[in-house]
Amino acid sequence: MGREDLPQYCYVSVVQAMIALGNLMRHHPSHPTLYKVWLSAVLPLVADPETTIIEKCLDEVEELVFERVVKAYKYAEATNPMKE
């Protein structure tokens, strides 16, 4: 039985787990163990054969990684005393 043969409820469970980990990351952004779990459990899902899982995973990566990087960059840029 391959991954493509899994019942739909398995995919729902994967998405629910991804959402739960994302919510934990939002509430505990500095927890190093949580980051490791998120990186090992959620990030690999960008290569999942199910497109809905890929889309949700990419949404989570965008919000939890890229938006934070952009926010930190903008803050650093705005508070840089060496800025001309």
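Can you tell me which residues in the range 31-47 are more than 10 Å from M18 (Cβ to Cβ) and either small (G, A, S) or outside any helix (DSSP H, G or I) (or both)? Hits for the range 31-47 are H31, S40, A47. Which residues, counting only those in the range 57-78, are under 15 Å from R26 (Cα atoms) and more than 8 Å from the chain's Cα centre (by Cα)? Result: F66, E67, R68, V69, K71. Consider the range 53-69 and keep the residues that are surrounded by 17 or more Cβ atoms within 10 Å (Cβ to Cβ) and β-branched (V, I, T). The one that is farthest from A17 (Cα to Cα) is V61.
Regarding V15, is this residue surrounded by 10 or more Cβ atoms within 10 Å (Cβ to Cβ), over 11 Å from the mean Cα position of the chain (by Cα) and at pLDDT below 90? So V15 fits the description; yes.
The values are calculated or read from the model by the stated rules, or taken from the named source; none is laboratory data. Everything numeric here is computed off the predicted structure, so don't read it as measured data. Reconstructed Cβ throughout: ideal geometry from the backbone, glycine too, with neighbour counts over all protein chains shown.
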